[in-house]
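Inspection log for the structure reproduced underneath, given as structure tokens.
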Amino acid sequence: MKKLIIIISVLFAIVSCNEQAYYEIPLDENGNVLLTGVSSTDGAGISTLDDEFTVTATFATAKSGDVMMVELLQLQFPPNGGTAKQLLPMAGTQKEVTVGSDLTASVTYTRDQANLNGPGDNVRVIYNGKTDFANASVVMVAAANSSKPKVGDIEIDVARTSETAYFNVTVEPKSGDYTGGLIAQRRNGSSGAWEDVPGSPFTGTQPFMVPISGNDFAIGKDTMDYRFSSSLGNYTDVIESKIIVRDPYFFLKKQAEVVLGGSLAGRNLINNSAVAEDDPSAMVAVLGSLMLKGGSAWLAAGNTIEFVEGTKLLYDKNNSTDIIAAFTAGTPSTEADPIAGAGYYIYKAVTGTNVEDIFYGMIKMTNVTPNSSVSFEYRIGDQYAHLSVIE
């Protein structure tokens, strides 16, 4: 027992004599816990149209007047050989900067010094001093960017029609606003000659709206290459886009149901909302039976809707040219029987005197509950102009 007490006493003495400095919490002159922040960096970056970039470091523990050594690091093969690239200092990039009264310091490098040549190229900026440290990654990005062809805010697949969609192209150097022009070119097929897009070069307010129409494609040539070029000083940014035109089609497919009686007997096909049969927006409705027809108030306002029997093949293929031709060749009726034939109907709804007021589409009957309801799927929207009104 006496031995055990002696051993415990010795161990306690050893522990007491070996206090570790790193357990101590730093305190200020008033005895309060001293908390320090973390250094940070900031900078606009660099694009393919910029000549240089600047990185500003804000230090947490450095003091005004401290000198920092700055250099660039980049993935490269070791000078003594090796098969794997390593993040190593770049020769000739060492600089000295002095911390200012605001505890910041800035450094600027050209794209040549940083070996930045194209989008995705990157470099690391290292600040290193006796009192603090900071680092930043700088990645070169493309100055120009383009959307897919759009109608308003909606991206589309270009259809072989006379309507026009637009690429939305922006050019945004990191050094400031772009005031130059955008040269837009196209070629129909990989062996075709490049030609300027009508309206090129595009200037003024961004995004630059570059037109594209299905009529631009030659018969038998479904692919069009587009090239957008912008320049600033000695630099040029070029981006390309490949567009494949498709046969005219209905843009949207929706699910709907009409129920005999009450507020669900009609359907507004434009926004796919359930309404009463006598609602002014009921483009299709049921009343007294499950035969689909135009709503009474909607028809009374001068609108019309007619139906022609269709086929599963037409519906699945979704070629609006073929579907409209089949309607024209058929015998229109003001009603569609949900249980007749194969359950597929082509419809033509007219809401006004303009071309965009004509809505063709197809209906596929999906379920019929006798004396109660009809569920169906429908296609709608064969014109770009419809996209601004169909919801």
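The values are calculated or read from the model by the stated rules, or taken from the named source; none is laboratory data. Keep in mind the model is a prediction, meaning the values are calculated, not measured. A quick note on method: Cβ atoms are made from the backbone with ideal geometry, for glycine too, and the neighbour counts reach across all protein chains shown. Protein only, heavy atoms only, side chains kept; ligands, DNA and RNA dropped before computing areas. Shrake-Rupley method; radii C 1.70, N 1.55, O 1.52, S 1.80 Å.
Our note on the geometry: Cα centres of the range 113-129 and the range 213-277, 41 Å apart.
Give the calculated FRET efficiency between LYS312 and THR353 to the nearest 0.05, with a Förster radius of 30 Å applied to their Cβ-Cβ distance. Using R0 = 30 Å, I get an efficiency of 0.35. Protection proxy ranking, highest mean first, for peptides 370-378, 67-75, 189-197: 67-75, 370-378, 189-197, where packing is the per-residue count of other beta-carbon atoms within 10 Å, averaged. Short-range pairs are left out: with C-alpha atoms under 8 Å and at least six residues apart, the relative contact order of the chain is 11 percent. Taking only C-alpha pairs under 8 Å that are 6+ residues apart, what is the relative contact order of the range 288-374 in percent? Computed value for the range 288-374: 35 percent relative contact order. The accessible surface of the chain, taken with every protein chain in place and a 1.4 Å probe, is 53 percent carbon and sulfur. Each eigenvalue of the Cα gyration tensor of the range 219-277, multiplied by 5 and square-rooted, gives one semi-axis; in descending order these are 49, 18, 6 Å. For the range 135-195, taking Cα atoms only, Rg and Dmax work out to 16.0, 54 Å respectively.
The C-alpha atoms of the chain define a longest principal axis, and helix 320-329 lies at about 10 degrees to it. Its residues counted as N, the range 228-347 yields a C-alpha radius of gyration over 2.2 N^0.38 Å of 1.55. The order of VAL125, VAL38 by accessible area, most exposed first and with a 1.4 Å probe, is VAL38, VAL125. In straight-distance terms, cross-link reach from LYS221 covers every one of the lysines whose alpha-carbon lies under 22 Å from its own, apart from those fewer than eight places away in the same chain; here that gives LYS148, LYS150, LYS242, LYS317.
Comparing THR98, THR334, THR353 in a Gaussian network model of the chain where C-alpha atoms under 10 Å apart are linked, the largest mean-square fluctuation is found at THR353. With a Förster radius of 45 Å applied to the beta-carbon distance between THR236 and VAL389, the computed FRET efficiency rounds to 0.65.
Partner lysines whose Cα lies under 26 Å from the Cα of LYS130, excluding those fewer than 8 positions away in the same chain, are identified as LYS63, LYS95.
Relative to the longest principal axis of the chain, what angle (0 to 90°, nearest 10) does the C-alpha long axis of helix 2-17 take? With both axes taken from Cα atoms, the answer is about 80 degrees. Which percent of the Cα-Cα distances in the chain go past 26 Å? Roughly 70 percent, once rounded to a whole number. The coefficient of translational diffusion for the range 43-99, derived via Stokes-Einstein from the alpha carbon Kirkwood radius under 20 °C and 1.002 mPa s, stands at 152 µm²/s.
Between ASP102 and LEU75, the FRET efficiency from the beta-carbon distance, with R0 = 30 Å, is close to 0.35. Ordered from longest to shortest, the equivalent ellipsoid semi-axes for the range 113-242 are 37, 15, 14 Å, each the square root of 5 times a Cα gyration tensor eigenvalue. Under 19 Å Cα-Cα from LYS312, which lysines qualify once same-chain neighbours fewer than 8 residues away are excluded? Straight-line reach from LYS312, under 19 Å: LYS253, LYS254, LYS348, LYS364. Ligands, DNA and RNA are left out, and with a 1.4 angstrom probe the accessible area of the chain is 54 Å² per residue. If you take the alpha carbon atoms of the range 277-391 and fit the smallest convex hull around them, that volume is 110 Å³ per residue.
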